Amino acid sequence: MSGKGAPELTTIDGADLRVAVVAAQWHTTVMDGLVSGALRALEEYGVPDHTLVRVPGSFELPVAARVLADRGYDAVVALGVVIRGGTPHFEYVCQGVTQGLTQVGVDTGVPVGFGVLTCDTEEQALERAGLPGSKEDKGHEAVSAAVATAAVLRAVPEPRR
């Protein structure tokens, strides 16, 4: 199972950060867990200024993330779940979402926390959703990565000229 080898992040202070969480609506139980984990992490890191936006599905995450990044958020966290079915749809959605969210971060310079579960089964998604009994909490992890990266970038000094 993944999760092994995760970094121990130093203390994260998000008190001066604005963070947006954009979450898909498919697979309600899994998404409820991911959103709860994300909101808990924002509270733990002292992020007072945060917004939660819901979109229909994971494929809509990149465009929403781009708008939020352009509106001045210091970090954006994308949460979703795609579960493999019997058609190539899974590969197309996963590839589009991953490339789209990567592009948002690179194009805007705004860290994008990747909390999109790409699982073969619903059971795998539930194991990663941060629900009671889950082995992992990917909503929390996505916020941790985005907020830590935003804090690091904010601390990078401007080059001397």
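All of the numbers you see were taken from the coordinates with simple rules; none came from a lab. Note that this is a predicted model, so its numbers are computed, not measured. Cβ placement follows ideal geometry from the backbone for every residue including glycine, while neighbour counts extend to all protein chains displayed.
Sorted largest first, the spans of the alpha carbon positions of the range 43-132 along the three principal axes are 40, 32, 20 Å. With the convex hull of the Cα atoms taken as the outline of the chain, the averaged projected area works out to 10.1 nm².
Dipole orientation for the chain: of the candidates 77, 37, 63, 63 has the Cα lying most toward the positive pole (charges on Cβ; Lys, Arg +1; Asp, Glu -1).
Over the range 53-161, Cα pairs under 8 Å with separation of 6+ residues give a relative contact order of 27 percent. Panel order for 118, 108, 29, by other beta carbons found within 10 Å of each beta carbon, from fewest to most: 29, 108, 118. Against the chain, whose longest principal axis comes from its Cα atoms, helix 28-44 is set at around 20 degrees.
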